[in-house]
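S.K.: Here you go, one structure.
The values are calculated or read from the model by the stated rules, or taken from the named source; none is laboratory data. These figures come from a predicted structure and were not determined experimentally. Note that we place each Cβ from the backbone using ideal geometry, even for glycine, and neighbour counts take in every protein chain shown. Each accessible area value is taken on the protein alone, full model and side chains, heavy atoms only, with ligands, DNA and RNA left out. Shrake-Rupley method; radii C 1.70, N 1.55, O 1.52, S 1.80 Å.
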Amino acid sequence: MKTTVLIPTTFLILIIMSGCKSEKSEYDTMVEFGQKYTDAWNSKQPENMASFYAEDGTLTVNGGTPAVGRKQLAATAQSYMEAFPDMILTMDSLTKEKDTYRYYWTFKGTNTGPNGTGNKVDFSGFEEWTMNEQGLVQKSIGTYDADEYTRQLEGN
């Protein structure tokens, strides 16, 4: 005697779909975060960039005075956006260290903002991000070759 078991189609589809679940990895999620962060810089809206940081997040560039909180972060972004109205930031790569991510970038623009030199710059650097539990940047330590940047800015 042969027994036939009928499985409702919707049940079978649910089993197949749950077995093929394709959730993004943590790294893929961070790559997407980095791409959106890049887009925020390129939006020319400083608040967009600051929104990727925790309310009390910090950004320190080349060991300088940290920008603390979204208001200061937006002011930092605005200073670059005003100095380089045609600025384009590109994301070069993202790496994962132990508890941090390194967001590598290239910045290109012409210094035609207020008191600008009129010179073009093309320089690269990275930010080392420590993320908070909400998936926002809590602490960023930015680094780039300041001597090369100054050389380009001054047209030497």
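S.K.: If a residue must be part of a strand (DSSP E or B) and loosely packed, with under 15 Cβ neighbours inside 10 Å, how many such residues does the range 78-105 contain?
M.R.: 6
S.K.: Sticking with this structure for a sec: With respect to E128, is the statement that it is among the acidic types (D, E), farther than 19 Å from Q45 by Cα and crowded, with 16+ Cβ neighbours inside 10 Å true?
M.R.: Against the criterion (among the acidic types (D, E), farther than 19 Å from Q45 by Cα and crowded, with 16+ Cβ neighbours inside 10 Å), E128 qualifies.
S.K.: Note down all Cβ pairs under 6 Å where the first residue falls in the range 98-125 and is within 17 Å of N156 (Cα to Cα) and without any contact (Cβ under 8 Å) to a residue 24 or more places away in the chain, the second is assigned to a strand (DSSP E or B) and aliphatic (A, V, I, L, M), and they're at least six residues apart or on different chains.
M.R.: K108/I88
S.K.: Output the number of the condition that D56 fails; it satisfies all remaining conditions of (1) open to solvent by 60 Å² or more (accessible area, probe 1.4 Å); (2) under 20 Å from E128 (Cβ atoms); (3) part of a loop (DSSP other than H, G, I, E, B).
M.R.: (3)
S.K.: If we scan the range 2-22, do we find a residue that is open to solvent by less than 50 Å² (accessible area, probe 1.4 Å) and either in a helix (DSSP H, G or I) or modelled with pLDDT of 95 or more (or both)?
M.R.: no
S.K.: Same structure again: List the pairs whose first member sits in the range 62-79 and is without any contact (Cβ under 8 Å) to a residue 40 or more places away in the chain, whose second member is open to solvent by 70 Å² or more (accessible area, probe 1.4 Å), and whose Cβ atoms are under 8 Å apart, counting only residues at least 6 apart or on separate chains?
M.R.: The qualifying pairs are V68/D56; G69/E55; G69/D56; R70/E47; R70/E55; A74/E47.
S.K.: Need pairs with beta-carbon distance below 8 Å; first residue within 15 Å of W105 (Cβ to Cβ) and at pLDDT 95 or above and within the range 26-44, second outside any helix (DSSP H, G or I) and of a type in the set (S, T, Y); sequence gap 6+ or separate chains.
M.R.: From residues that are within 15 Å of W105 (Cβ to Cβ) and at pLDDT 95 or above, the pairs are M30/Y101; G34/Y101; G34/Y103; Y37/Y103; T38/T90; A40/S51.
S.K.: Could you check the range 43-53 and list, in sequence order, the residues that are on the phi < 0 side of the Ramachandran plot and open to solvent by 50 Å² or more (accessible area, probe 1.4 Å)?
M.R.: Q45, E47, N48, S51
S.K.: Over 24 Å from Q35 (Cβ atoms), out of contact with any Pro (no Cβ under 9 Å at 6 or more places or on another chain) and open to solvent by 20 Å² or more (accessible area, probe 1.4 Å): which single residue out of L153, L136 fits that description?
M.R.: L153
S.K.: Which residue, of N111, N62, N156, is at pLDDT below 95 and more than 13 Å from the chain's Cα centre (by Cα)?
M.R.: Just a single option satisfies the conditions, and that option is N156.
S.K.: Restricting attention to the range 59-77, and to residues there that are part of a strand (DSSP E or B) and of a type outside the set (G, A, S), which single residue is least open to solvent (accessible area, probe 1.4 Å)?
M.R.: My answer is L59.
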